[in-house]
Amino acid sequence: MSNLKLCQGTRCHTYFTKDRVKGTAPNKTNQTRRSSKFYYGDGNFCSTQCQNDWLNDFADKAINHFGRLTEPKHLTEETAWVKDYNYNGYRNLPDEHYYHNKITREKRPLTEQQYNDSNYTLNER
Ligand SMILES: [Zn+2]
């Protein structure tokens, strides 16, 4: 069995590139791309064009299925903490890890272990 995935772009087969042409005349066809790995849309699309084609066709249905945002979201001082770090490797110094509040601009130091712990957060959810 092949591990190749098909691009989910709804019009992928309509774009003319050498790699999409399969077979020989008179049975030549232009086909949807296959690959073991795609880099767009969480690994589902061969290009941003194919991703955009799919979104134009299905974004409305997908949003309605998974829940349409009906109220604006608010980033508050309590939820605006993001992890960040300064890379100091080029000076042979350890990297500096910290929490940064995107609203107040306050910085609080973190250990590298806290930085790497995805459960460690200052945000109150
Ligand atoms: Zn495609």
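Shown is the FRET efficiency for Ala62 and Lys102, computed with R0 = 41 Å from the Cβ-Cβ distance and rounded to the nearest 0.05: 0.90. Modelled spin labels at Thr29 and Asp117, positioned 7 Å past Cα toward Cβ, are 5.5 nm from each other. Using a cut-off of 31 Å between Cα atoms, the listed pairs Lys22/Lys61; Lys5/Lys102; Lys5/Lys61 include Lys22/Lys61; Lys5/Lys102 as exceeding that distance. Surface analysis of the range 1-124 yields an accessible area of 79 Å² per residue, using protein heavy atoms and a 1.4 Å probe.
Sequence neighbours fewer than 8 away in the same chain don't count; with that in mind, list the aspartates and glutamates whose C-alpha is under 19 Å from Lys83. Partners within reach: Asp95, Glu96, Glu106, Glu112, Asp117, Glu124.
Note on the chain: with neighbouring protein chains present and a 1.4 Å probe, carbon and sulfur make up 49 percent of its accessible heavy-atom surface. Net charge near Lys22: determine it from the other residues with C-beta under 14 Å of the C-beta of Lys22, scoring Lys and Arg +1 and Asp and Glu -1. Net charge in that neighbourhood comes out at +4.
Against the chain, whose longest principal axis comes from its Cα atoms, helix 48-66 is set at around 70 degrees.
The values are calculated or read from the model by the stated rules, or taken from the named source; none is laboratory data. Quantities reported herein were computed from a predicted structural model and do not represent experimental measurements. Reconstructed Cβ throughout: ideal geometry from the backbone, glycine too, with neighbour counts over all protein chains shown. Surface areas here come from the heavy atoms of the whole protein model, side chains and all, with no ligands, DNA or RNA. Shrake-Rupley method; radii C 1.70, N 1.55, O 1.52, S 1.80 Å.
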